[in-house]
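Any read-out appearing in this document is the output of simple, stated calculations on the displayed coordinates, not a laboratory observation. Just so it is clear, the model here is predicted, and its values are computed rather than measured. Neighbour counts are summed over all protein chains in view; Cβ atoms, including those assigned to glycine, are modelled from backbone coordinates with ideal geometry.
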């Protein structure tokens, strides 16, 4: 074979249409193309075999090309090859997730600081092939595919680039979770936060306590729309992941260099668990045996009883969770826990006296501290919503490794960072993607704040004035997709995209300050990206507004700017 493409011209520059925006991208004179055809091989050096497998199963499937294994790439034989390589130099200069991609007329080299860096470089290579490379089977009849000759150097701004999927309020079947892992990977997002338990459902099999899914995994009916809506879906709703399902999800994510962070909510948002095991609740003030899995939205008053037996139960749960999830972080929720039942409960009042607490409200911190220490003893780190720091870090007595998800604006994250705790920024005002995307009545179930694509593009995980030491505590950010009003995959797609593409750029790319970002240029790159989303089958919100079938007339939201969200 002779070298491909030195005389051909690429149709567009190497940076055109790439999302997230790479740090540097330039064409290589004479600006020809690299051609993929039946002779193109993939040469994987040690540690990159998984990326080679991904290339064959995705790009190979879309193009119909075999992409066989090549010779020894370390021998310098790159002719008509895609060479994958882990580079200590790239690791030193760009970090473990950084990569260099060089496309020349006779071969392509993707080298990264680790296998993850090589994988992110392969994602960029896929984008450069064009939108048809995002399909699952060939549709063009082409026998060769071209990539413009280019040199790309890239590395992420943050190491936590996350998305929360709330599978508790509305269950997302396993295949939907696997699909979303592919969508995250395509946008260089690397954390999936699975919200597995809440008042409305328990979604993970626990062998020691089977009624958590047998009884807690389904509800008799479901509120349609905002909690003030008079409408109901009278069909039972439920579902859960078996432990083998979870192992599959975690393994599938790992192949895509995504960490799955599980959330088991305590001590509030626990009515589904109490419905399964009534003694977990405050039985001296509530007939917990009569409670079912909650069928509406908001904050349930039914919280866990502050007993040693409750702690032991959740230790059982978390023991199995740790066996399934290798993530260094385990999320324990800790948000929105009303203390009303504890104030009314003689047993809880006695517990307060035994523990020497100032009042029932401090039982929340007692729960959090217990599981913080319990996880730390097992080499894991607790992460919780910013309520875990209410009252101050010193008063809470959390371990140094405890981290905070800052959802009530930036304030909780700022306080946590200044107290020496790591932070993941996910302020509801900016990155709750279940919130409506425009004003007006066309948006389906319009709740919360109006946050447009441009609003999300101007989000920054590091608020002004945090200072260098505080900014170093910001692990990154997370976009949250709560599912009270996103009851299926189609609705999830609509709320997530295209805003998730904008969010991905804010956490990967090294962008200017929010006010200085070139949003028109991002919109132009999105033109190419919409074609990729089409090829992936994503039911995104078009720039001009929802399509007729994406609207939900008659299902009430809360279309008041600044209205409190439902979480």
Problem set entry | Distance-filtered residues of the range 273-311 - backbone nitrogen under 14 Å, label point 7 angstrom along residue 343 Cα→Cβ | 301
Problem set entry | Per principal axis, descending, Cα span of the chain in whole Å | 84, 51, 46
Exercise. So what is the orientation-averaged projected area of the range 24-154, using the convex hull of its C-alpha atoms, in nm²?
Worked result: 7.1 nm²
Exercise. How much FRET efficiency would the formula 1/(1 + (r/R0)^6) give for residue 454 and residue 28, where r is the Cβ-Cβ distance and R0 is 22 Å, rounded to 0.05?
Worked result: 0.05
Seminar exercise, completed: Residue span residue 142 to residue 555: 0.36 nm per residue of separation minus Cα-Cα distance leaves a gain in nm of 144.1 nm
Problem set entry | Label-point separation in nm, residue 243 to residue 93, each point 7 Å along Cα→Cβ | 4.7 nm
Problem set entry | Packing-based order for 292-300, 494-502, using average beta carbon neighbours within 10 Å, highest first | 494-502, 292-300
For this session: Would you please give the FRET efficiency between residue 350 and residue 151, computed as 1/(1 + (r/R0)^6) with r the Cβ-Cβ distance and R0 = 56 Å, to the nearest 0.05?
Result: 0.20
For this session: Taking 7 Å along the Cα-to-C-beta vector as the label spot, tell me the residue 322-residue 400 distance in nanometres, rounded to one decimal.
Result: 2.0 nm
Problem set entry | DSSP-defined beta bridges in the chain - what % are antiparallel, rounded to 5 | 35 percent
Problem set entry | Residue exposure sequence - 259, 146 - by fewest surrounding Cβ within 10 Å | 259, 146
Exercise. Once the Cβ-Cβ distance between residue 519 and residue 547 is put in as r, and R0 is 25 Å, what FRET efficiency do you end up with, to the nearest 0.05?
Worked result: 0.60
